[in-house]
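Presented below is the structure to which this report refers.
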Amino acid sequence: MTTLKLTINGKAYGPTEVRDDLSMNDYLREYLGLTGTKFGCGAAQCLSCAVIVDEADGTSRTTPTCVIPAAFFNGKTVRTIEGHAKAGELTELQKAFVTHFSFQCGYCTAGFVNEGQVLLERLAKAPVSRADLDKTIQESLNGHLCRCTGYVKYHEAVRDVILADAKRYLSNPA
Amino acid sequence: MMTKTVRTLSLCLAFAALPAFAAEMAGTLAAPSSFASISDPAARSAAYFTEAAKVMMHPRCVNCHPAGDRPSQGEGAMSRLHQPPVTRGADGFGSVAMRCASCHQKANFDPGHMPGHEHWHLAPLSMAWQGKTASQICAQVKDPARNGNRNLAQIVEHMSKDTLVGWAWAPGVGRQPAPGTQAELGALLEAWVQTGAACPAS
Amino acid sequence: MHITRREFIKTVTASGIVLGVARLSTGAEPTFRARETLPGAVGWNPSAVGKGRIDGLAKVTGAKLYASDFRAADMPGWPEKTSHALLLRTPDATHVYAGLDLGALVGSMRPVAVVTAADVARVNLRLPDFFADAPLFCAVGKTPHYLGQAVALLIFDTFDAYDQARVALREKSPLKFGRETGPVVAKPYGSNRFTRIAGADPNGPDVFSPLLAGWAAPTSYKKAEIPVWAPAMKAGNANAQATYYGERIRAELAAANPDVLVLDRTFTTQSVDPMFLEPEGGIAWYDPKARMLELVVGVQSPAEAAESVAHLLGAAKGGFKPASINTYCAYLGGGFGGRDHTPMPLYIALAAMFYPGHAVRLAHDRFQQFQAGIKRHSFKMRSVVGFDKSTGKIRAMASDQVLDGGGMANFSINVADVAAGATCGIYDVPRIDVTTIALHSRGVTAGSMRGYGTLQTMTALEVLIDEAATALKIDPIELRRRNALKTGGRTNFGNTYVGPVRTPEVLDKLATHPIWRDRAAEKSRAPAGTLIGTGVACVTKDYGTGADCTQTRITIGPDGRISIDSDVVEMGTAVGTALANRAAMSLGAVATEVAVARIDAYDVLGLVKSIDPYIITQQQQDAAARNPRWVPETSSVSSASVGAHIGTHGANEAARIIFRFGLWPAALDLWGIAASDARAKQWQSAKWADGKLTFGSRPPLSVADLAAKAHARKGVTGAVVHGFNRWEWSSATFTVDGEAYSSEIDALAVRHGDGKFVRLTRRNVKFPPATNNRFSTSYTSLCGTVVRVEIDRATGNLRIAKAYTVIECGTPLVPEVVIGQMQGGFAMGVGYTLLENLPLYEDGPGNGKWNLGQYVVARASDVPVGTLETEILPPVTPTDAPKGMAEVNMIPIVPALLSAIYDATGKRFESLPVTTAMLKGAIA
């Protein structure tokens, strides 16, 4: 058993006694009712279950929750899909996914939102060149499986968010 | 009656739980004393290494000592390139977007069949063992230019004590452990070094 | 339980169980209905201006939408706690099942209930016919019917108990087995023969066809798998005639005719999984005091799910028969056919019934979804096609198709028949003989999956056509042109397609595209170590099932807010947005409340049904139709690409009625045009522009003003409609506000102002003829793809460099989603061709060990994300109806890839998938 305390979407959770063999995915979905984070495979293959972990050094990365125990998130700062929009106002990325019709059934969308958001934040700190942009987006999103869309409109949306604010994200804005 | 026995045996093999099966069939490592009958020290030395190479050529090791930039996973008929497709990245710890540590945590998580260790990463290309013979691996292991600038004593220390190496014997549910134990591997390599660290011919 | 202001809308099933969906009004907790009615009251509604889907906001913010999202605490009126159930399934189908050893479940891991075959028998549960060929649970002492068959349902009081138990049981299987018996042998699921001989005059009648004579079937089977056809007899019954003409066709093909090129080829396809991202599951609660069962499920067949659960429990004893069942149907995390007619709702219901008073969740993990989820049929096809050497025209064709249906019949015979109907593809084949048989096996059940058998038969056909083009030295697109079925031409079942057949336009698009045009130049420019090839294919696939229904309820409030309820299901296709867009064509504004998968909002129509619509005779239908409430079918499934054409038809008709009898008279009032004025009849000339109704020089009127006026003058402000389609729509006449109004619907209720809905009696109903059941399909959409591949010689790695797909689908209701579907279909086709494969038996997913990683689906890196071009041909006329396209869009890429691989390597593959290792071997 582990006494779990962590921050999710800016809110403190715990202390809660959790089994060491409880997955983070089940902690979010069964214990907290935060079902925006999905369960797709349970084998770290699809990343429908991915959330954002904000590290102490200021970097952020996505991590699956299906194959990692909740206990390993003790003390961590986590963002889930429920935490992106503030007071009903969507992020630029979320708006882009909507206006680009990027998703269809929507089950993989939480993972893509988290991953895209981490990419944007990373580029804001370490911009890439326009020539490297497509490859950068591809490397960032390729871990996420989607069965409905063929990925094209997800990539287009992320690209368009970046190009709309090229000064922030690109090292050589036109 | 022979057929009946064979069929019963195959039933057992088919329906036994994997870990038990794996432990039975995982293999053992012979102790250095088993090679005492080889009188020529160089030949005996090479034999120690050949035995030790059963570990190095086992999927638990080779999967992360790939010849390219992508690890493998699984073993036997289920052996495959790592899915999802991951790559070694600049430092062997994954690409910027997909670090090994994103999924592989500090320890195994058995309910998810996810192996883990604090320093999960790929061995450098110079230490690629995939597709190599025991002889080739031996040459690599001895070569300071390719073995992380280690002398023989440091090699033995690394193989017998390093905890990431040690993971191979406690790989978690669903994976067959490397043969023998880490201590037994250490003993073999110690004996190998003591007898001049000769490499097998093949 | 505190339950406030429920309205129950009831249907009574044959077993006397009240079926309905509780319409819960909003309390403190959003109700299921509130969550699933979209967009609802939102700050930003991009769908109102065509800049997003109605479910866009909900999906991008992680709102609770899917069956797998719901727990007891999310359902107002339910118990607070969720208990959890686990299905145990067998990895073995060749030994006697000897029972369970649950010894590992000690202490907190103990289940509160274990449900087995014995319990099913004890309480007298009945399987619906569709699922009756195998029991819910394998009984002790029997060999399982198929790999993955359920043997028991374990129910755990708490999540923790369930979670620990499932891990313990996965590591050490609790199933015990006895002696080896070999697999269960069962009769084939069905077999048919489809033979057509055109007359000498192509415009004259056929000599023989399934449409004229009826479908032929074997008289018996040899060795449980070989159809025995009736002895050939020219003047015999349909079976005998089919044999007679079929054998003549085969004799023609077998004759060594120097003028004819005969290609005799086999093609084998693999089993694959739909791999929708949300595993099947749901939650249910049986309240023993109220005798009410409530379920939350995610299915493509909501009416079937509700009726099946009712049937299961309809004769149950010992307190297991509910008085009422409410089925909440959620948005789906993907479907692709795999959520149509699956037994999962039955098990979800069992979980609740065997732990009464508790809310119980049952869901597959991905291992279990692979183990038990519906698969695509594996096909073995042998095709023999004779081409006239001088003209390239197809003279005759024979095809024999064998499907592995897996453990349960499910839709197998129907898949076989639809596949047979696509055997001629886009071509005019004057003499064609097709036999098909769907077999039982111990594999995982195969059923409906995107393409429904036509993917398999048209892949085999298109690669054969490509080979013929090479052999005949005719350009592949030119060969297709010469053989293309023209508008008004007949399929191999003997019927024509409705509407224009646009093959020439699609072929033109493919022929003139740079990918095709530049293929030789690109190939010659291949860098060292790379093989380059280009391939093309063109197919046509039906939409519709021949017994489709649409049920829709639309209301417009005095403030102009439009609300739509429909029985069509949302699985990603944006059908909710399509409904809103189609209704907006008549009502001027996009609905703000769209509820899909609703099977209960139409009870005012009082519909009744009787005989299976697929086998009803004309006489029976005419007699039944005299009952003004009778329809051939009440509700149907969301599959077969029906969303656009079928699913939104009811919305179209209901919206037109509200416009004609509500908004239009309101407009006349506001414009001061008297009812007697000639212009009062010119509603066709009125047009919506920017949300306002324009009519000549009159001032434009907003939807809100029109709605307010319609309410004030008590005009029609709501309509409930039902329509039935058997390759054409039913139609009837209704008297609305004193006028005779004819429409393609067969039931109608209207409301005036804020009054109640009142059913109107229909007159002159015309249902589509029963003989339409002999059609293969009347509705079809074309899709073509050209693709360029680059294959690395050393590794066999294939990269898709460029691709172009063109489709014609009438009027697209949500064009961005049509494009998205084309992209998604492309990716699924790539996976099917190159990546996906499931062994059929003990090594396959029935053993419970398969997951993603072992099963590989296309990632973004497998798709030419940056260069994939899609094109939708404009509709022929501005008022064309939408046509279904969600399946056809995944088909042509498959044979196009195979032809491109041939072009690059010189090797024609005869099976799928074509893996990197196979390519490497072919090049070596």
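How many of the residues in region B:107-125 are within 21 Å of B:Asp69 (Cα to Cα) and either modelled with pLDDT under 95 or in a loop (DSSP other than H, G, I, E, B) (or both)? Reasoning before the result, please.
Of all residues in region B:107-125, those within 21 Å of B:Asp69 (Cα to Cα) come to B:114-125.
Cutting the leftovers down to either modelled with pLDDT under 95 or in a loop (DSSP other than H, G, I, E, B) (or both) gives us B:115-124.
Residues that pass the stated criteria total 10.
If you filter region C:893-914 down to residues that are assigned to a loop (DSSP other than H, G, I, E, B) and in contact with a helix residue (DSSP H, G or I) (Cβ under 7 Å, 6 or more places away or on another chain), you find that the one that is nearest to C:Ile477 (Cα to Cα) is C:Arg908.
Screening C:Lys523 against (1) in contact with a helix residue (DSSP H, G or I) (Cβ under 9 Å, 6 or more places away or on another chain); (2) within 28 Å of C:Thr457 (Cα to Cα); (3) basic (Lys, Arg) leaves a single unmet condition, (2). Contact annotation: residue pairs with Cβ atoms under 8 Å, 6 or more positions apart or on different chains, pairing a residue in region C:889-906 that is in contact (Cβ under 8 Å) with a residue 60 or more places away in the chain and closer than 25 Å to C:Ser641 by Cβ with a partner that is part of a loop (DSSP other than H, G, I, E, B) and aliphatic (A, V, I, L, M), are C:Val894/C:Leu912; C:Leu897/C:Val914; C:Leu898/C:Val914.
Taking the residues in region A:16-40 that are in a strand (DSSP E or B) and closer than 26 Å to B:Gly174 by Cα as candidates, determine which candidate is nearest to the other protein chains (Cβ to nearest Cβ). Filtering first and then ranking leaves A:Ser23. Within region C:45-64, restricting attention to residues that are among the hydrophobic types (A, V, I, L, M, F, W, C) and more than 7 Å from every other protein chain (Cβ to nearest Cβ), which residue is farthest from C:Leu813 (Cα to Cα)? Only one residue fits best here, namely C:Ala63. Only one entry of A:Ala56, A:Ala12, A:Ala43 meets the criterion of being aliphatic (A, V, I, L, M), within 8 Å of chain C (Cβ to nearest Cβ) and surrounded by fewer than 24 Cβ atoms within 10 Å (Cβ to Cβ), and that entry is A:Ala43. Against the list (1) in contact with a His (Cβ under 7 Å, 6 or more places away or on another chain); (2) within 30 Å of A:Cys41 (Cβ to Cβ), the condition C:Leu840 fails is (1). Based on what the data block shows, is C:Arg35 modelled with pLDDT of 60 or more, closer than 26 Å to A:Phe39 by Cβ and in contact with a Gly (Cβ under 8 Å, 6 or more places away or on another chain)? No: the conditions fail for C:Arg35. Only one of the numbered conditions (1) among the hydroxyl-bearing types (Ser, Thr, Tyr); (2) over 16 Å from the mean Cα position of the chain (by Cα); (3) more than 10 Å from chain C (Cβ to nearest Cβ) is not met by A:Thr99, and that is (3).
Examine region A:88-95 for a residue that is part of a loop (DSSP other than H, G, I, E, B), over 24 Å from A:Ala157 (Cβ atoms) and not aliphatic (A, V, I, L, M), and state whether such a residue exists. Checking region A:88-95: not a single residue is part of a loop (DSSP other than H, G, I, E, B), over 24 Å from A:Ala157 (Cβ atoms) and not aliphatic (A, V, I, L, M). For A:Ile162, the criteria (1) more than 23 Å from C:Met275 (Cα to Cα); (2) within 19 Å of the chain's Cα centre (by Cα); (3) surrounded by fewer than 24 Cβ atoms within 10 Å (Cβ to Cβ) hold in every case but one, which is (3).
Taken together, the residues in region C:407-423 that are among the hydroxyl-bearing types (Ser, Thr, Tyr) and closer than 20 Å to C:Ser301 by Cβ amount to 1.
Suppose we filter C:Val539, C:Val569 for residues that are hydrophobic (A, V, I, L, M, F, W, C) and outside any strand (DSSP E or B); which single one remains? Unique residue meeting the criteria: C:Val569. Exactly one residue among B:His119, B:His82 is within 18 Å of the chain's Cα centre (by Cα) and either within 14 Å of chain A (Cβ to nearest Cβ) or farther than 29 Å from A:Thr59 by Cα (or both), and that residue is B:His82. Counting only residues that are touching a helix residue (DSSP H, G or I) at 6+ places or on another chain (Cβ under 7 Å), away from chain A (no Cβ under 11 Å), assigned to a loop (DSSP other than H, G, I, E, B) and not basic (Lys, Arg), region C:841-890 holds 5 of them.
Scanning region A:71-88 for residues that are facing chain C (nearest Cβ under 8 Å) and surrounded by fewer than 24 Cβ atoms within 10 Å (Cβ to Cβ) returns A:Thr80, A:Glu82, A:His84, A:Ala85, A:Gly88.
Here C:Gly560, C:Gly533 are screened, and the one residue that is of a type outside the set (Asp, Glu), assigned to a strand (DSSP E or B) and touching a helix residue (DSSP H, G or I) at 6+ places or on another chain (Cβ under 7 Å) is C:Gly533. Entry remark, region A:139-162: residues being assigned to a helix (DSSP H, G or I) and more than 7 Å from chain C (Cβ to nearest Cβ) number 10 in total.
Beta carbons closer than 6 Å, at least 6 apart along the sequence or on distinct chains, pair a first residue in region C:204-229 that is over 30 Å from C:Val185 (Cα atoms) with a second that is among the aromatic types (Phe, Trp, Tyr) for C:Phe208/C:Tyr245; C:Pro210/C:Phe194; C:Pro210/C:Phe493; C:Leu211/C:Phe493. Among the strands (runs of 3 or more DSSP E) confined to region C:333-449, the ones with at least 1 residues that are within 30 Å of C:Pro111 (Cα to Cα) are located at C:359-363.
Is there a residue in region B:62-69 that is within 11 Å of chain C (Cβ to nearest Cβ), over 16 Å from the mean Cα position of the chain (by Cα) and not acidic (Asp, Glu)? Yes: region B:62-69 contains one or more residues that are within 11 Å of chain C (Cβ to nearest Cβ), over 16 Å from the mean Cα position of the chain (by Cα) and not acidic (Asp, Glu).
Is it true that C:Ala623 is closer than 30 Å to C:Phe411 by Cα and of a type in the set (A, V, I, L, M, F, W, C)? In short, yes. Going by the conditions given, is C:Pro302 touching a helix residue (DSSP H, G or I) at 6+ places or on another chain (Cβ under 7 Å) and under 21 Å from C:Pro128 (Cα atoms)? No, not satisfied.
Here is a yes/no grid of residues against (1) at negative phi; (2) assigned to a helix (DSSP H, G or I); (3) within 14 Å of chain B (Cβ to nearest Cβ):
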residue: C:Gly148; (1), (2), (3): no, no, no
residue: C:Leu154; (1), (2), (3): yes, no, no
residue: C:Val167; (1), (2), (3): yes, yes, yes
residue: C:Pro183; (1), (2), (3): yes, no, no
residue: C:Lys187; (1), (2), (3): yes, no, no
residue: C:Pro205; (1), (2), (3): yes, no, no
residue: C:Tyr221; (1), (2), (3): yes, no, no
residue: C:Ala235; (1), (2), (3): yes, no, no
residue: C:Arg248; (1), (2), (3): yes, yes, no
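If you go through region A:96-138 and keep only what is of a type in the set (Ser, Thr, Tyr), surrounded by 24 or more Cβ atoms within 10 Å (Cβ to Cβ) and assigned to a helix (DSSP H, G or I), you end up with just A:Thr109. For region A:15-40, a tally of residues being touching a residue at least 60 places away in the same chain (Cβ under 8 Å) and surrounded by fewer than 22 Cβ atoms within 10 Å (Cβ to Cβ) returns 0.
When the strands (runs of 3 or more DSSP E) confined to region C:623-739 are screened for residues that are surrounded by fewer than 17 Cβ atoms within 10 Å (Cβ to Cβ), those reaching at least 1 such residues are found at C:687-689, C:692-694, C:731-736.
The values are calculated or read from the model by the stated rules, or taken from the named source; none is laboratory data. All values reported here derive from a predicted model rather than from experimental measurement. For neighbour counting, all protein chains shown are included, and Cβ atoms are generated from backbone atoms with ideal geometry for every residue, glycine included.
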